[in-house]
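As structure tokens, the structure follows; a few thoughts come after it.
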Amino acid sequence: MISPLDTAALVVAGVVAGLVGSAGGITSLVSFPALLAVGLAARSASIANSIALVACWPGSAFASQPELKGWGGWLWRWSTVALAGGAAGAALLVLTPGGTFERIVPFLVLAGSLALLFEPRLTAWRQRRQRDESIFALPTGLLLLSLYNGYFGAGSGVMVLTLMLLLVEQHLPSANALKNMLIGAGVLASAVVYVLSGSVSWSAAVPLGIGMLIGSSLGPRVARRAPANILRVIIAVLGIALAIQLWVDPHL
């Protein structure tokens, strides 16, 4: 049972997590340890975290209206891919043990973080190749990352942001806004699966979600004003730190 003090702590953690995540950082770096600290087991904390993350979607959408202008049709099309991947990943978590996959996760997060750190060089390399990448690069990458987002999720925002910067939009605040919408679509699909499975700790998910709704409305404003190069380095460093932490403790 979550105490009133724990409830208040989860609201505060949600505000910080929502702000960090919607600004381009890693939401679970804050929210997941907070759920573990109030006594939830790792699996229950992962599910409660996914439910709470749904609240980031409307907050970041409202705050990112300038960056999302003109992207409506694109988002409708690619959100279906994120929805499918998120639902599949959540079903995978509900139905199967995740011990082996948890050992792969740190390397995925590390790869995404390093790719983000060196994104300008990777983008320049792509431009020299005259953008002749496969037409399957974006759907395949988004589907796999959305599946991962539904299954576990820690660091998925960094990886999707990198995907957007490399294949879709080079302006960091705009790429971050697109990332927030796609991550939100995947999280919504996974949340539906978790609710249907009946395994949600609502006493933890609700206060965390309230905090995330508040924080996510602030994050895009931070991303809009922060120097892109500095923000990219901060996000990448946080991602590398998370990768190390997940390697030391795969149940984070």
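The values are calculated or read from the model by the stated rules, or taken from the named source; none is laboratory data. Just so we're clear, the structure is a prediction, and the values are computed from it rather than from any experiment. Every residue, glycine among them, receives a Cβ derived from its backbone with ideal geometry; neighbour counts consider all protein chains shown.
Listed by position, the helices (runs of 4 or more DSSP H) contained in the range 201-252 that have at least 1 residues being modelled with pLDDT under 80 and out of contact with any Lys or Arg (no Cβ under 9 Å at 6 or more places or on another chain) are 219-225, 228-248. Out of GLY24, GLY70, GLY89, GLY39, one residue alone is under 23 Å from PRO139 (Cα atoms), at pLDDT 80 or above, of a type outside the set (A, V, I, L, M) and not in a helix (DSSP H, G or I). It is GLY70. Across the range 191-200, the qualifying residues are those that are touching a residue at least 60 places away in the same chain (Cβ under 8 Å) and outside any helix (DSSP H, G or I), and the one among them that is nearest to VAL158 (Cα to Cα) is VAL200. For the range 192-199, the count of residues that are crowded, with 20+ Cβ neighbours inside 10 Å and among the small types (Gly, Ala, Ser) is zero.
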